[in-house]
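Following: one structure in structure tokens, then a few remarks.
Since every read-out is calculated from the coordinates, none of them should be taken as a lab result. From a predicted model like this one, the values you see are computed outputs, not experimental measurements. Cβ sites come from the backbone with ideal geometry, for glycine too, and all protein chains shown count toward neighbours.
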Amino acid sequence: MVYVKRKVITMKTKDITKLSGLSKDTIRFYEKLGLVKPNRESYSREYADADLERLEQIKHLKSLDFTLSEIKLLVDIDEKYQSIDEIHSMTHDDYQEIIQLLDNKVNYLEEKSKMIEAGLARLKVMQEKIKSINN
């Protein structure tokens, strides 16, 4: 197996705000919650490319209606169990908590998807009616 050492890119706050599309206050709030953990040199912060990836992950999960506390749970589990061996040694409580969260979200998103499909179908019918009037 070949391992390639990846160069870590570091960014200042202004850079990560531009790249992530998030405000400085939002990123600092996420830092306060422990969702991102930049290196701190005195008063300045240096963010790694992994922090940018985490911010993108947070944005994606929020778009799926995950709360910040649910995202924090996922982040904590991800950090706690990083390797396959560690995942296999997951505690029963951690396993139950994560499975419950994921089951609930899958059910929620499936229901939301059905509602979106039904709404989309109604809009398409309305769209066709309006287009037929204009022709």
Filter pass, Leu102 being free of Cβ contacts under 8 Å to residues at least 40 places away in the same chain, surrounded by 15 or more Cβ atoms within 10 Å (Cβ to Cβ) and either out of contact with any Lys or Arg (no Cβ under 6 Å at 6 or more places or on another chain) or at positive phi (or both): no
Being outside any helix (DSSP H, G or I) and among the acidic types (Asp, Glu) is true for just one of Asp65, Asp78. Which residue is that? Asp65
Name every residue in the stretch 47-70 that is surrounded by 17 or more Cβ atoms within 10 Å (Cβ to Cβ) and touching a strand residue (DSSP E or B) at 6+ places or on another chain (Cβ under 9 Å), in order of residue number. Tyr47, Ala48, Asp51, Leu52, Leu55
Out of all the residues in the stretch 78-96, is one or more under 14 Å from the mean Cα position of the chain (by Cα) and aliphatic (A, V, I, L, M)? no
Given the criterion closer than 24 Å to Asp103 by Cβ and either in a helix (DSSP H, G or I) or over 12 Å from the mean Cα position of the chain (by Cα) (or both), identify the matching residue among Glu70, Glu56, Glu46, Glu31. Glu70
Filter the stretch 10-23 for residues that are surrounded by 12 or more Cβ atoms within 10 Å (Cβ to Cβ) and not hydroxyl-bearing (Ser, Thr, Tyr); which is farthest from Ala50 (Cα to Cα)? Leu22
